[in-house]
Amino acid sequence: TARIIAWDWSPNDGKFRWGSDPTWLLGTPNEEEPLQGFEDRVHPEDLSNLLALAQATLSSGEGFVDSFRLLRHDGTHRWVLVRGERLDDGGSKHKLIGIAIDSHERRIAEMQSEYLSRQHRALLDNLADLAWTKDLDGVFTAVNRAFAKVVGREPSDIIGRHDSEILRPESMPQIRAE
C-alpha cells in the first residue's frame, strides 16, 4: 500500500508543513519546519529541479509532479513522488499545496529493471552470433545487431513482431546456417 501525506508551503512565512505526522516518512515527527530545513532534507542532486518546479508553479499557476530523494532522520534517503498546486488567497499571496507519495520501493525496482535491461542489451550487442529473445507468443522481445543485420532491419523494427513479419525468405538459409 502506498503511503500518502499532504503538505503545504507558504513562501510568505517561509514555513513548510506536513498535513499529518510524517514520522513514517522522515523518521521524526517534524510537522512544521522552516523551508530551509525542508530543503536540507532533499538530496542535493534533486533540489534545484524541485525548487525550479515549485517556483514555476507559484509564477504560472500550473501544477507540477516530481520525484526526488528525501533525507530521513536516520541518514537514509527515500524516494517520494510529489504533486503540487498553487493555492491563491484571492490577493497576491500564494502558497503551494500538494501530496507526497512514498514511491521508494517502486523507484528502486525501476532502477534495478533499467540496470538489468542495460546489462541484457550489452550482452546481446557484444555477441558475434545471432541472438534474440521471444515471449511465449513468439514475439521478439530483444535482438542483437548481428541478427538485425542478417534480416536487414533495425532492432527497433523487429521487436514486437513475429517471424513472418520480419524475416525475408532469402535470409532463412543464412539464419539456419548461423
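Just from its helices, what would the mean residue ellipticity at 222 nm be for the chain, if runs of 4 or more DSSP H residues each count -39500 (n - 2.57) and the sum is divided by every residue, rounded to the nearest 500 deg cm²/dmol? If you can, show how the numbers build up before the last one.
Numbers: 8 runs with 71 residues, N = 178.
Helix contribution divided over all residues of the chain: -11000 deg cm²/dmol.
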- Task: In debye, nearest 20, what is the charge dipole magnitude of segment 25-81 about its Cα centre with +1 on Lys and Arg Cβ and -1 on Asp and Glu Cβ, if you could check?
- Result: 160 debye
- Task: Take the Cα pairs of the chain, get the Kirkwood Rh, then feed it into Stokes-Einstein at 10 °C and 1.306 mPa s and tell me D in µm²/s.
- Result: 79 µm²/s
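Find the accessible area per residue for the chain; the probe is 1.4 Å, ligands and nucleic acids are left out, and the unit is Å². Mind showing how you got there, number by number?
Values: 10700 Å² over 178 residues.
Normalised by residue count, the accessible surface of the chain is 60 Å².
With +1 assigned to the C-beta of every Lys and Arg and -1 to the C-beta of every Asp and Glu, and no other charges, what is the dipole magnitude of segment 40-124 about the Cα centre in debye, to the nearest 20? Let's see the in-between values first.
On the way: 12 positive and 13 negative charges, 32 e Å.
The calculated dipole for segment 40-124 is roughly 160 debye.
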- Query: Per residue, what volume in Å³ does the Cα convex hull of segment 60-159 take up?
  - Reply: 189 Å³
- Item | Linear extension gain, residue 85 paired with residue 116, 0.36 nm per residue minus alpha-carbon span | 7.6 nm
- Message: Nothing charged except the Cβ atoms of Lys and Arg (+1) and of Asp and Glu (-1): what's the magnitude of the dipole of the chain about its Cα centre? Round to the nearest 20 debye.
- Response: 360 debye
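Quick one: length gained pulling residue 159 to residue 134 fully straight, 0.36 nm per residue minus the C-alpha distance? Provide the component values of the computation, followed by the final result.
Details: separation 25, 0.36 × 25 = 9.00 nm, distance 0.89 nm.
8.1 nm is the gain from fully extending residue 159 to residue 134.
Could you give the length gained on full extension between residue 23 and residue 106, defined as 0.36 nm per residue of separation minus the Cα-Cα distance, in nm? Show your work: numbers first, answer last.
Values: separation 83, 0.36 × 83 = 29.88 nm, distance 2.01 nm.
The residue 23-residue 106 span can extend by a further 27.9 nm.
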- Item | Length-normalised contact order of segment 1-115 in % [C-alpha pairs under 8 Å, at least 6 apart] | 27 percent
- Along the positive direction of the dipole of segment 1-99 (beta-carbon charges: Lys, Arg +1; Asp, Glu -1; about the Cα centre), which of 90, 42, 11 reaches farthest? 42
- Cα pair distances of segment 14-105 binned at 10 Å [whole percent]: 16, 52, 27, 4, 0
- Task: May I ask you to give the percent of accessible area on segment 6-133 that is carbon plus sulfur, with a probe radius of 1.4 Å?
- Result: 53 percent
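Just to verify a number: FRET efficiency for residue 12 and residue 73, C-beta to C-beta distance, R0 = 45 Å, to 0.05? Present the calculation step by step, with values, prior to reporting the outcome.
On the way: r = 28 Å, r/R0 = 0.62.
The formula returns an efficiency of 0.95 here.
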- Task: Consider all pairwise Cα distances in segment 94-152 and report the whole-number % of them above 14 Å.
- Result: 69 percent
- Gaussian network model of the chain, Cα within-10 Å springs - most flexible of 146, 100, 56: 146
- Message: I'd like the distance between the alpha-carbon centres of segment 112-152 and segment 18-87, rounded to an integer number of Å.
- Response: 40 Å
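The values are calculated or read from the model by the stated rules, or taken from the named source; none is laboratory data. Note that the coordinates shown come from a computational prediction; the quantities given were computed from them, not determined experimentally. Neighbour counts are summed over all protein chains in view; Cβ atoms, including those assigned to glycine, are modelled from backbone coordinates with ideal geometry. Protein only, heavy atoms only, side chains kept; ligands, DNA and RNA dropped before computing areas. Shrake-Rupley method; radii C 1.70, N 1.55, O 1.52, S 1.80 Å.
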